[in-house]
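A.B. asks: Pasting in a structure now, in structure tokens, and then I'll have a few things to ask.
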């Protein structure tokens with residue numbers, strides 16, 4: 001279904017919830033402990049509060065920790081799906097924006113909601129409609145996190161701490177792409193804007209300050225190491241690589257570095273785009289073939305590596321009937337090689353989930369990285385929390401300014417003199433000077449409980465009313 005057609009089903013319509021009862025928030029399958037131990041601002045400031053509660057930041061989706069590849073590929077989003085999703089969320093009154101992180105290891109929708117249960121229901125319904133699948137059977141695999149848990153999760157993801165291969169660096173660019181796409185779609189709510197900025201800052205700091213940026217950690221490197229583990233002499237074998245994206249390029253680079261020039265004729269690159277094929281072959285010195293050469297190549301190949309962006313199966317069991325005994329590594333999500341191929345007696349089939357153990361970092365080194373990284377994340381999370389508090393304090397600050405300006409204007413209007421300009425300027429400066437220190441104190445308050453108390457006191461002392469907010 002075209003994205004425009006899918007999105008149209010939501011525009012101007014009320015989405016019917018899938019569930020009669022509100023969907024509960026599912027905890028993170030491996031919930032990270034927030035180092036600070038401090039919670040975000042409460043959603044209200046007590047019965048006497050006049051402030052509007054801040055909207056809630058929510059993340060919903062599936063990830064590799066709890067969802068196997070057959071679930072992740074079912075909920076993976078194509079470009080058309082992403083377009084429909086952004087349009088549907090924009091049209092929904094309870095969803096105030098979104099940013100969608102869609103990789104081979106996760107599909108995560110970050111959004112801002114005014115009502116958590118209604119927002120979660122809407123996300124499930126929208127995703128079900130776009131994918132044309134009932135999400136109920138997948139409920140054990142999804143997760144949803146709120147506010148500080150959601151923020152901490154994104155910081156861990158961006159830093160590579162939540163990756164299939166802990167410390168891999170590609171996720172940083174993927175999060176950056178997610179943020180930029182959200183801005184282009186004009187769905188980047190200010191809370192998401194600031195959260196993704198902090199997450200990208202955290203990711204850069206973690207990679208720099210832990211030394212991860214200097215290490216070769218990626219899905220492609222893990223695949224290369226797994227191929228060596230399965231077939232120690234695979235560099236002496238005939239290799240066919242199908243694809244041309246980032247992962248394929250990284251593997252080609254590794255092969256280029258490992259193989260002497262005399263052995264590079266053993267590697268064949270397959271790509272549907274003649275221009276991309278020529279570009280990669282010229283860059284790495286391997287031979288290339290078009291897609292029509294695949295049937296013949298499968299009878300001459302010992303190792304097949306598949307990494308394309310195609311959203312469907314490209315190779316089925318019948319394609320391997322006359323194939324030589326072969327090791328097949330399919331790192332595409334959705335998978336491009338039918339899982340049934342792995343049932344053939346002469347084929348060994350591996351996928352992304354088979355790479356979990358291929359981290360080049362020793363366990364002690366991983367622990368050391370985690371300790372440094374969590375301190376960085378705590379710092380970045382604290383800055384995000386303080387920004388959120390400033391947003392909440394901003395409501396009372398704005399209301400107080402409005403209240404004082406109203407009183408000031410009333411005073412000036414009661415004056416008999418015709419020229420009130422000198423008094424107008426003097427009274428404006430006086431009001432600004434009187435309230436400078438209290439307003440700075442509100443903005444700088446880092447303790448949520450103390451901030452709540454100060455805001456309540458101000459509201460009561462100055463007799464602020466709903467009209468001021």
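Taken together, the values in this text are just the output of simple stated rules run on the coordinates, not laboratory data. Given the structure is predicted, the values throughout are model-derived calculations rather than measurements. Counting neighbours? That spans all protein chains shown, and the Cβs are built from the backbone with ideal geometry, glycine included.
A.B. asks: Divide by every residue of the chain the summed helix terms, -39500 (n - 2.57) for each DSSP H run of at least 4, and state the resulting mean residue ellipticity at 222 nm, rounded to the nearest 500 deg cm²/dmol.
C.D. replies: Working: 14 runs with 216 residues, N = 469.
Value at 222 nm, helices only: -15000 deg cm²/dmol.
A.B. asks: How big is the shadow of the Cα convex hull of the stretch 57-174, averaged over all directions, in nm²? Walk me through the numbers before you get to the answer.
C.D. replies: On the way: hull surface 27.1 nm².
So the Cα hull casts an average projection of 6.8 nm².
A.B. asks: Moving on to the next point. Does anyone have the angle between helix 363-413 and the longest principal axis of the chain? Alpha-carbon axes, 0 to 90°, nearest 10?
C.D. replies: 30
A.B. asks: Could you state the angle between the C-alpha long axis of helix 246-258 and the longest principal axis of the C-alpha atoms of the chain, as a value from 0 to 90 degrees rounded to the nearest 10?
C.D. replies: Approximately 50 degrees, to the nearest 10.
A.B. asks: Counting alpha carbon pairs within less than 8 Å and at least 6 residues apart, what relative contact order, in whole percent, applies to the stretch 203-344?
C.D. replies: It comes to 22 percent, rounded to a whole number.
A.B. asks: While we're on this one: Determine Rg/Rh for the stretch 110-258; Rg is computed over alpha-carbon atoms and Rh is the Kirkwood hydrodynamic estimate from the same atoms.
C.D. replies: Here the Rg-to-Rh quotient is 1.05.
A.B. asks: Here is a follow-up. With an 8 Å cut-off on Cα pairs and a minimum separation of 6 or more residues, tell me the relative contact order of the chain in percent.
C.D. replies: Once divided by the residue count of the chain, the mean separation gives 16 percent.
A.B. asks: When only C-alpha pairs under 8 Å and at least 6 residues apart count, what is the relative contact order of the stretch 77-129, in percent?
C.D. replies: Reported as a whole number, the value is 31 percent.
A.B. asks: Compute the Kirkwood hydrodynamic radius of the stretch 219-354, taking the inverse of the mean of 1/r over all pairs of distinct Cα atoms, and give it in Å to one decimal.
C.D. replies: Computed over Cα pairs of the stretch 219-354, the Kirkwood hydrodynamic radius comes out at 14.7 Å.
A.B. asks: Could you work out the equivalent-ellipsoid semi-axes for the stretch 326-420, taking the square root of 5 times each eigenvalue of the Cα gyration tensor, largest first, in whole Å?
C.D. replies: Listed largest to smallest, the semi-axes of the stretch 326-420 are 68, 22, 8 Å.
A.B. asks: Compute the long axis of helix 79-91 from its Cα atoms, compare it with the longest principal axis of the Cα atoms of the chain, and write down the angle in degrees, 0 to 90, nearest 10.
C.D. replies: Result, in degrees: 20.
A.B. asks: Hey, how many Å between the Cα centroid of the stretch 353-398 and the Cα centroid of the stretch 310-330?
C.D. replies: Centre-to-centre distance over Cα atoms comes out at 41 Å.
A.B. asks: Whole angstrom only: what separates the Cα centroid of the stretch 81-135 from the Cα centroid of the stretch 55-69?
C.D. replies: 11
A.B. asks: Projected area of the stretch 389-468, taken from the Cα convex hull and averaged over every viewing direction, in nm²?
C.D. replies: 5.6
A.B. asks: Here's another thing I want to ask about it. Given N residues in the chain, what is its alpha carbon radius of gyration divided by 2.2 N^0.38 Å? Show your work: numbers first, answer last.
C.D. replies: Values: Rg = 27.8 Å, N = 469, 2.2 N^0.38 = 22.8 Å.
Compactness ratio reported: 1.22.
A.B. asks: Using the per-residue mean of other Cβ atoms lying within 10 Å as a proxy for protection, in what order, highest first, do the peptides 193-203, 257-267, 114-124 fall? List each step's numbers first, then the result.
C.D. replies: On the way: 193-203: 22.0, 257-267: 13.0, 114-124: 20.5.
With the highest mean Cβ count within 10 Å placed first, the list reads 193-203, 114-124, 257-267.
A.B. asks: Moving on to the next point. For a protection proxy built on the mean count of beta-carbon atoms within 10 angstrom, sort 150-156, 72-78, 407-413 highest first, please.
C.D. replies: Details: 150-156: 25.4, 72-78: 20.0, 407-413: 12.1.
Highest-to-lowest ranking by the protection proxy: 150-156, 72-78, 407-413.
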